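K.L.:
If you scroll down you'll find the structure; I have some questions about it.
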Amino acid sequence: MTSSLSLTRNQAKQLLKTLNNPFHKFLSVFQTNASIPQPPKLCVESASLRHTPHLFEKSPQPDLAQCNGLLFDYSRNNNNKEALNLFLGIHSFGLPVDGSTLSCVLKVCGCLFNVIAGRQVHCQCLKLGLLEDVSVGTSLLDMYMKTENVEDGRRVFDHMGERNVVSWTSLLGGYAQNGMNEEVLELFLTMQMEGIKPNPYTFAAVLGALASEGMVEKGVQVHCLIVKLGFKTVTFVSNSLISMYLRSGMGKDARLVFDGMATKNAVTWNCMISGFVTNGLDFAALETFYDMRLAGVKFTQMTFIPLIKLCANRKELGFTRQLHCRVLKDGFNFDPKIKTALMVAYSKCSEINDAFKLFSTMHEAQNVVSWTAMISGHLQNGEIQEAVKLFCLMNKEGVKPNDFTYSTILTAQPAVSPFQIHAQAIKANYEKSPSVGTAILDAYVKLGNIEEAAKAFEQIDERDIVAWSAMLAGYAQIGDSEGATNIFMQLVKEGIKPNEFTFSSVINACASPTAPFEQGKQFHAWSIKSKLSDALCVCSALITMYAKRGNIDNAYQVFRRQQERDLTSWNSMISGYAQHGHAKKALEIFEEMRRENMEMDDITFIGVISACSHAGLVDEGERYFNVMIEKHRISPTMQLYSCMVDLYSRAGMLDKAMDIINMMPFPAGATVWRTLLAASRVHCHLELGKLAAEQLISLQPQDSAAYVLLSNIYAAAGNWHERRNVRKLMDQRKVKKEAGYSWIEVKNKTHSFLASDHSHPMSYQIYSKLDELKMRLKDMGYQPDTDHVLQDIADEDKETILSQHSERLAIAFGLIATPPRTALQIVKNLRVCGDCHTVIKLISLIEGRDIVVRDTNRFHHFKAGSCCCGDYW
């Protein structure tokens with residue numbers, strides 16, 4: 001007996017020619033093999049399918065029971081296209097249908113996501129008056145929900161004359177599937193108020209919604225109701241409970257449910273393993289996997305995927321290979337999801353060749369997910385060019401990138417242009433996606449193009465906390481505290497809850513010298529209120545912010561309060577003390593770090609050697625440099641060599657500084673030559689200064705510092721002719737000297753001053769205060785050091801110039817604008833001159849003020865007539 005279920009050729013042709021067939025318009029959407037539907041390949045053998053002869057060939061007028069029986073068999077075996085084609089035949093030949101027929105075909109439409117067919121079946125239900133049938137109404141409701149037509153589904157539900165528990169469950173499940181989780185809980189309560197007793201499927205839908213919404217407290221109440229109604233023994237209900245608890249981070253409660261189950265299936269075990277992996281409970285996941293094997297439960301696809309993900313997270317190559325072998329043994333080696341997971345694991349374990357071999361065997365199964373995983377793997381392993389080649393090949397093969405692909409390839413700078421990828425994303429309509437939009441703005445931020453980053457940010461449809469944090473980080477990178485603050489306030493205004501990364505970014509922006517100091521304190525208080533001040537990234541940002549804003553004591557308090565410290569915290573504290581000239585404290589932190597066996601990097605030693613440099617600890621600096629190379633196996637970077645040059649240069653050991661430059665394995669950069677040039681100016685070494693200036697000008701011809709320092713060296717040597725030549729060269733090359741200015745913050749307002757500035761509204765009072773200080777300084781025996789004025793003018797004029805330096809104007813304003821004994825904090829964009837350094841020491845004694853001055857090199861803490869630098873800077 002034949003097993004063919006298709007229409008005869010003539011009947012099929014007749015069917016396709018039937019113009020008044022209401023399904024004719026959409027037949028092409030789901031037709032199989034055009035005119036002759038092929039016999040289905042059923043997953044489960046069905047007696048009726050094997051033994052029922054074709055209705056239209058063997059029976060001129062098959063009865064309703066035969067039609068429905070065959071239709072149900074197709075639907076049960078997930079042969080939905082064949083089921084819909086069969087219904088077309090039934091309808092075309094005018095065969096009778098009932099509620100069961102329409103309920104079944106509506107289910108099929110939902111599974112096919114074919115709302116057009118579903119609406120036309122809806123019309124048939126109306127025409128035949130079958131909407132009063134509760135099973136038809138429920139199936140119609142379910143179809144609309146599955147095709148994401150929630151409003152239509154709700155209208156069907158509201159117009160149903162009779163509603164049973166299945167109808168309510170379909171509605172609840174539909175809302176849950178469409179992410180409307182708050183409505184699920186409301187409907188669940190309404191359902192009970194109307195006297196409908198929930199069934200196990202109802203609870204499964206509700207628990208899923210509660211887990212997604214994070215309302216675990218309500219979930220616990222639902223759990224109590226499940227126990228009360230006696231459904232705790234239903235396996236899939238217990239599975240839903242386990243899933244809810246694990247998605248809420250309640251592993252112990254999930255374990256209690258699991259241990260109390262009399263019957264566990266593969267879904268139960270997989271749910272536990274996946275949940276443990278998601279919550280970072282790797283040992284518990286492996287233990288559960290071992291117990292599953294002992295229990296004799298057959299592994300499924302979902303058993304392996306979370307375990308392979310675990311291996312990827314831990315970079316556990318050995319276990320990855322073992323799982324791969326088991327995958328082959330259990331016949332899952334052709335599963336594309338498992339192959340992709342294995343590719344990711346091998347990539348993270350730095351076995352990129354093994355990952356690529358797997359990718360190469362996928363052939364037709366290669367999809368956008370596997371391509372993206374392979375591109376990401378190459379990027380993770382530093383093979384940027386290979387990643388870009390794969391991205392190009394992917395486009396050539398006709399595989400369209402998705403949002404994850406664009407987000408991934410945008411990290412391949414500088415091998416790709418953010419402008420080009422941005423254009424592609426716009427063309428593919430992905431630029432408004434949160435993940436792509438955030439990646440685009442981050443790429444622009446890395447280029448320093450904050451304007452384009454802001455435009456990309458504004459284009460994002462639904463900005464999540466990651467997008468907001470990325471935009472904040474962009475403003476922090478360029479030191480725009482005002483822009484960062486505006487973004488933060490906009491974020492709060494739109495009801496987005498800041499996280500630790502948001503606070504970290506905005507606090508970093510407040511570390512800018514131009515940022516209002518109180519602003520950083522306010523964000524610190526806000527982070528405390530939000531219970532995020534103890535987060536690692538927030539603590540590190542606070543340490544950096546307080547250290548850079550001159551309050552090293554507050555930085556240390558934050559450091560000491562940290563329950564857990566990462567490398568960034570230690571490095572921030574060492575660098576902070578180094579900047580403030582507290583070399584001894586910086587080295588104490590470093591030694592404490594060593595005792596705790598913390599891993600160190602080049603940034604650690606930059607801080608340590610800088611601390612030694614600012615304090616003149618040459619021998620200690622040399623020793624730490626050697627320890628770094630010999631014990632910690634850290635190769636010196638350009639910045640580390642620059643620190644060593646600075647160490648010797650400050651100490652006047654210019655020959656040793658040159659030895660370091662000559663032994664470097666790569667050409668010295670601008671920072672190295674600028675350091676040597678500044679030291680040559682301080683120690684009046686003309687020839688070495690000329691060499692350093694020439695090298696620096698060749699590297700950065702538009703940098704005014706090289707010209708100014710060289711002209712100052714000539715001036716200090718009395719060679720005014722050469723000094724004029726350098727200045728003339730600056731004019732020819734249109735290089736402008738950076739004007740020196742200082743600023744002070746008083747009552748949340750920043751006041752800036754240039755040298756000899758008379759533009760401030762309180763200029764008269766400021767200069768009167770300077771005259772008063774001048775008299776008191778003379779009484780203390782102060783004599784201006786006119787050697788710091790490198791101009792060919794009279795000494796009297798030099799004294800006037802010195803007395804009107806920008807930092808002195810800022811200090812004078814601070815003295816008259818703040819109450820007595822108030823500490824003053826000044827920032828200057830250039831190095832403080834030696835004469836001003838002497839004067840500020842005396843002012844701190846005369847006025848009884850603590851004065852902190854931050855220049856381009858470091859912080860100077862003046863108190864009671866002395867400075868923390870010990871006059872060594």
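K.L.:
Taking amide H positions as placed in the peptide plane 1.01 Å from N, state which residues far from Tyr741 in sequence (5 or more) or on other chains have amide H under 5 Å from it.
P.N.:
Amide H neighbours of Tyr741, under 5 Å, 5+ apart: Asn829, Leu830.
K.L.:
Roughly how many nanometres apart are two label points built 7 Å out from the Cα toward the Cβ at Tyr782 and Glu217?
P.N.:
Taking the two extended label points, one gets 6.4 nm.
K.L.:
Assuming R0 = 51 Å, can you tell me the calculated FRET efficiency for the pair Tyr872 and Gln385, based on Cβ-Cβ distance, to the nearest 0.05?
P.N.:
Efficiency, from the Cβ-Cβ distance: 0.60.
K.L.:
Measure up Lys348/Lys531; Lys747/Lys828; Lys584/Lys863 against 25 Å on the Cα-Cα distance and list the ones that go over.
P.N.:
Lys348/Lys531
K.L.:
For Ala365 and Val399, calculate 0.36 nm times their separation in residues minus their Cα-Cα distance, and state this gained length in nm to one decimal.
P.N.:
Value of the extension gain: 11.1 nm.
K.L.:
So, one more: Report in % the part of the accessible area of the chain that belongs to carbon and sulfur, leaving out ligands and nucleic acids; probe 1.4 Å.
P.N.:
Here carbon and sulfur together make up 52 percent of the probe-accessible area.
K.L.:
What dipole magnitude, in Debye to the nearest 20, does the chain give about its Cα centre under +1 on Lys/Arg Cβ and -1 on Asp/Glu Cβ?
P.N.:
Dipole size: approximately 1360 debye.
K.L.:
Identify all lysines with a Cα-Cα distance to Lys432 below 25 Å; exclude those on the same chain that are fewer than 8 residues away in sequence.
P.N.:
Answer for Lys432, where 25 Å is the Cα cut-off: Lys396, Lys400, Lys446, Lys455, Lys493, Lys497, listed by chain and number.
K.L.:
Let me ask you something else. How do 200-210, 537-547 rank on mean C-beta neighbours within 10 Å, highest first?
P.N.:
Packing proxy ranking, top to bottom: 537-547, 200-210.
K.L.:
From the Cα gyration tensor of region 637-738, with a ≥ b ≥ c the square roots of its eigenvalues, which class applies: rounded if a/c is under 1.5, or else prolate if a/b is larger than b/c, or else oblate?
P.N.:
It is oblate, given that a/c is not under 1.5 and a/b is not larger than b/c.
K.L.:
Among 304-316, 380-392, 628-640, what's the highest-first ranking by average C-beta atoms within 10 angstrom per residue?
P.N.:
304-316, 380-392, 628-640
K.L.:
Once the convex hull of the C-alpha atoms of the chain is built, how many Å³ does it hold per residue, rounded to a whole number?
P.N.:
Cα convex hull per residue, to the nearest whole number: 233 Å³.
K.L.:
While we're here: Where the centre of each part is set by its Cα atoms, how far does region 529-585 sit from region 208-233, in angstrom?
P.N.:
Cα centroid of region 529-585 versus Cα centroid of region 208-233: 44 Å apart.
K.L.:
Using a ≥ b ≥ c from the Cα gyration tensor of region 523-587 (square roots of the eigenvalues), is it rounded, prolate or oblate, where a/c under 1.5 gives rounded and otherwise the larger of a/b and b/c decides, a/b for prolate?
P.N.:
Prolate, because a/c is 1.5 or more and a/b exceeds b/c.
K.L.:
Ok, one more. Give me the distance in nm between label points sitting 7 Å out from Cα along the Cα-to-Cβ direction at Arg560 and Val165, one decimal.
P.N.:
Result: 6.4 nm between the two label points.
K.L.:
In addition: Please name which of Leu130, Leu88, Val150 has its Cα lying farthest along the dipole of region 60-162 towards the positive end, using unit charges on Cβ (Lys, Arg +1; Asp, Glu -1) and the Cα centre as origin.
P.N.:
Leu88
K.L.:
Hey, another quick one. For Lys737 paired with Gln424, estimate the spin-label separation in nm (one decimal), with each label point 7 Å from Cα along the Cα-to-Cβ line.
P.N.:
Each label point lies 7 Å from its Cα, and together they span 5.1 nm.
K.L.:
Skipping prolines and chain starts, which residues have an amide H placed within reach, meaning under 5 Å, of the one on Val746, given they are 5 or more residues away or on another chain?
P.N.:
Long-range HN contacts for Val746: His751.
K.L.:
Further question: Determine the calculated [θ] at 222 nm for the chain from helices alone, applying -39500 (n - 2.57) to every DSSP H run no shorter than 4 residues and normalising by the residue count; nearest 500 deg cm²/dmol.
P.N.:
Calculated from helices alone, the mean residue ellipticity at 222 nm is -20000 deg cm²/dmol.
K.L.:
Determine the distance separating the Cα centre of region 242-265 from the Cα centre of region 750-788; give it in Å without decimals.
P.N.:
Centre-to-centre (Cα) distance: 74 Å.
K.L.:
Next up: Principal axis extents for region 697-768, Cα atoms only, whole Å, descending order, please.
P.N.:
45, 27, 18
K.L.:
In whole Å, how far is the Cα centre of region 631-682 from that of region 272-344?
P.N.:
If you average the Cα positions of each part, the centres end up 52 Å apart.
K.L.:
R0 = 41 Å: FRET efficiency of Ala823 with Asn313, Cβ-based, nearest 0.05?
P.N.:
The pair Ala823/Asn313 has a calculated efficiency of 0.25.
K.L.:
Let me ask another. Sorting check: for 713-725, 289-301, which peptide has the highest mean count of neighbouring beta carbons within 10 Å, and how do the rest follow?
P.N.:
Order by mean packing, descending: 713-725, 289-301.
K.L.:
OK, next. Determine the relative contact order of the chain: mean sequence separation of Cα pairs under 8 Å and six or more apart, normalised by residue count, in whole percent.
P.N.:
4 percent
K.L.:
Whole number in Å², please: accessible area per residue of the chain, 1.4 Å probe, ligands, DNA and RNA not counted.
P.N.:
I get 48 Å² per residue for the chain.
K.L.:
If you put +1 on each Lys and Arg Cβ and -1 on each Asp and Glu Cβ, how big is the dipole of region 741-867 around its Cα centre, in Debye rounded to 20?
P.N.:
It comes to approximately 740 debye.
K.L.:
Ok, one more. With +1 on each Lys and Arg Cβ and -1 on each Asp and Glu Cβ, and nothing else charged, work out how big the dipole of region 533-632 is about its Cα centre, in Debye to the nearest 20.
P.N.:
360 debye
K.L.:
Report the gain in length on full extension from Ala65 to Phe113: 0.36 nm times residue separation, minus Cα-Cα distance, nm rounded to one decimal.
P.N.:
14.6 nm
K.L.:
For region 776-831, what log10 I(q)/I(0) values come out of the Debye formula at q = 0.28, 0.29, 0.31 1/Å, with one point per alpha carbon and no solvent?
P.N.:
Rounded to two decimals, the profile gives -1.14, -1.16, -1.19.
K.L.:
Please work out the FRET efficiency for the pair Asp461 and Glu186, using the Cβ-Cβ distance as r and a Förster radius of 22 Å; give the result to the nearest 0.05.
P.N.:
0.25
K.L.:
Continuing with the same structure: Taking 0.36 nm per intervening residue step and subtracting the Cα-Cα distance, what contour gain separates Glu687 from Gln522 on full extension?
P.N.:
Here the answer is 54.3 nm.
The values are calculated or read from the model by the stated rules, or taken from the named source; none is laboratory data. Worth saying up front: this structure is predicted, and the values here are computed from it rather than measured. Here the Cβ is made from the backbone with ideal geometry for all residues, glycine too, and neighbour counts use every protein chain on show. We work out accessible area using only protein heavy atoms, side chains counted, and drop any ligands, DNA or RNA first. Shrake-Rupley method; radii C 1.70, N 1.55, O 1.52, S 1.80 Å.
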